[in-house]
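Notes follow once the structure below has been shown.
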Amino acid sequence: MSIEVIQEERNGCIGKDQVVQLEWNLQPLEEDPEICVEEASLPSQQPTLKMKLSDILHGHWRHHYQNERVKVTNILFQIGIIRVVVNFIQNFLIKILQMGPLPQHVSFIMDGNRRYAKSLNLPLKRGHEAGSLTLFRTLHICKKVGIDVVSAYAFSIENFNRPKEEIDTLTDMLSRRLQDLANRANNLKDRLYGAKLLVVGDRALLADELNDKISYVEAMTKHNTAFNIYICLPYTTRNDIYHSMHDLVRLCQNGVLSTEEITVEQLTNAMYLGSSSNKADILVRTSGHTRLSDYMLWQTHENSVIEFSKCMWPDFTFRSFYLILLKWSFFTTLQRARKREKLRTRVGSFATTLLRQRKRVPVRLDKLPPPPKAVSVTDR
């Protein structure tokens with residue numbers, strides 16, 4: 001069994017095709033019937049003047065403002081002319097971005113769903129649902145821009161330490177959203193059509209029912225080639241490196257490889273993300289935390305840009321992502337221009353030195369060879 005066979009068993013083959021231009025459309029948060037029932041069951045209490053003054057003094061007015069802003073934004077995007085104008089502006093900005101270099105692999109640590117829900121006095125499940133919708137919108141932006149690979153940190157192995165009720169809620173939501181994503185990837189009229197979905201991580205830790213669902217949705221999109229989506233669950237970098245080494249050791253035990261033949265490239269290709277494990281051009285973490293939480297440590301080893309955004313993941317908008325891409329493209333252009341200038345300087349210096357080393361021997365007229373004999377054309 002070779003490394004390629006092991007990797008195909010995990011993730012499937014990597015495909016690439018021309019990006020399909022689709023129309024961007026911001027949709028309001030979808031109502032979940034179970035969430036509505038939970039919210040309806042909560043006792044309603046009208047805020048008194050004393051409670052309002054207390055909220056203002058403690059800074060809770062920001063939460064109310066944020067809640068109202070979300071509602072107003074959703075209402076505005078229901079108006080056709082506003083949606084058309086926003087689509088035109090976004091398409092124009094994306095065309096500008098496509099004039100420069102683009103990242104091949106962008107990864108996200110989707111952090112802040114629970115704090116987002118708490119800030120709006122909503123159930124935690126509603127925060128995770130809002131985060132999944134933000135992921136769909138961000139994936140569409142990546143496809144429109146022309147990014148080949150997108151990965152997202154959906155569930156860490158360490159998250160199994162959370163309460164069982166929250167874990168069950170997350171796994172159930174992940175199952176439904178993976179199915180929804182696969183359906184969209186195969187729907188010709190959908191903005192995510194052509195996406196190839198791959199779920200990577202130590203799936204032995206997941207329930208059999210969820211594993212069967214993951215295998216089913218992966219099989220639905222295995223022939224898609226527009227761009228690749230890696231959903232990392234349950235995942236940590238330490239576990240990724242461990243499994244990569246384990247697979248290489250198994251190949252050595254089976255006589256396929258020798259220990260002297262093991263290289264960094266083989267170790268990289270044996271990881272969960274396969275050839276995409278080589279490098280993540282941009283890693284974005286939301287919610288203001290400045291740590292990587294054991295995610296993409298191998299992939300962000302060289303010339304990778306790590307962006308820490310202060311906004312919660314459900315608040316991660318087109319503007320936030322566009323500024324990150326624009327900054328990366330600008331500095332990458334400067335870096336490549338500087339490298340070309342250095343190469344041009346080195347070549348010019350080498351040519352000048354080579355010419356100086358050549359000794360020019362002076363030529364005397366008496367040392368020149370005699371001229372050829374003159375032949376008359378008319379005396380023939």
Checking rank on 235-248, 297-310, with mean other Cβ inside 10 Å and highest first, the result is 235-248, 297-310
Describe numerically, in nm with one decimal, the distance between label points set 7 Å from Cα along Cα→Cβ at Ile79 and at Lys118. 3.6
Mind ranking Glu209, Glu158, Glu265 by accessible surface for me, highest first, 1.4 Å probe? Glu209, Glu265, Glu158
Set the Förster radius R0 to 30 Å, insert the Cβ-Cβ distance between Ile241 and Asp168 as r into 1/(1 + (r/R0)^6), and round the FRET efficiency to 0.05. 0.55
Global geometry of segment 292-352, whether rounded, prolate or oblate, following the gyration tensor of its Cα atoms and the 1.5 cut on a/c: oblate
By the Cα gyration tensor axes a ≥ b ≥ c (a/c under 1.5 gives rounded; else a/b larger than b/c gives prolate, otherwise oblate), the shape of segment 65-218 is oblate
To the nearest 20 debye, what charge dipole does segment 104-143 have about its Cα centre, counting +1 at the Cβ of each Lys and Arg and -1 at the Cβ of each Asp and Glu? 120
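Which of rounded, prolate or oblate describes segment 185-307 when judged by the alpha-carbon gyration tensor and an a/c cut-off of 1.5?
Oblate is the answer for segment 185-307, as a/c is 1.5 or above yet b/c matches or exceeds a/b.
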If I take every Cα pair under 8 Å that is 6 or more residues apart in segment 238-361, average their sequence separation and divide by the length, what percent do I get for the relative contact order? 17
Viscosity 1.002 mPa s, temperature 20 °C: give me the Stokes-Einstein translational D for segment 103-336 in µm²/s, with Rh taken as the Kirkwood radius over C-alpha pairs. 115
With every protein chain left in place and a probe of 1.4 Å, what is the accessible surface of His289, to the nearest 10 Å²? 60
Using the beta-carbon distance between Phe92 and Leu334 and R0 = 30 Å, what value does 1/(1 + (r/R0)^6) give for FRET efficiency, to the nearest 0.05? 0.80
1.4 Å probe accessible area per residue over segment 287-360, in Å²: 74
Residues in segment 213-257, backbone N under 15 Å from the label point at Leu292 (7 Å along the Cα-to-beta-carbon vector): list them, ranges by number please. 236-242
How much accessible surface does Lys222 have with a 1.4 Å probe, in Å² rounded to 10? 110
Residue by residue, what Karplus-based ³J(HN,Hα) values in Hz, rounded to whole numbers, does segment 219-226 have, using 6.51, -1.76 and 1.60 with θ = phi - 60° and x for Gly and Pro? 5, 5, 10, 5, 9, 6, 9, 5
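The values are calculated or read from the model by the stated rules, or taken from the named source; none is laboratory data. Only a predicted model underlies this, so the values are computations on that prediction, with no experimental measurement involved. Here the Cβ is made from the backbone with ideal geometry for all residues, glycine too, and neighbour counts use every protein chain on show. Please note that ligands, DNA and RNA were not included when accessible areas were found on the heavy atoms of the full protein model with its side chains. Shrake-Rupley method; radii C 1.70, N 1.55, O 1.52, S 1.80 Å.
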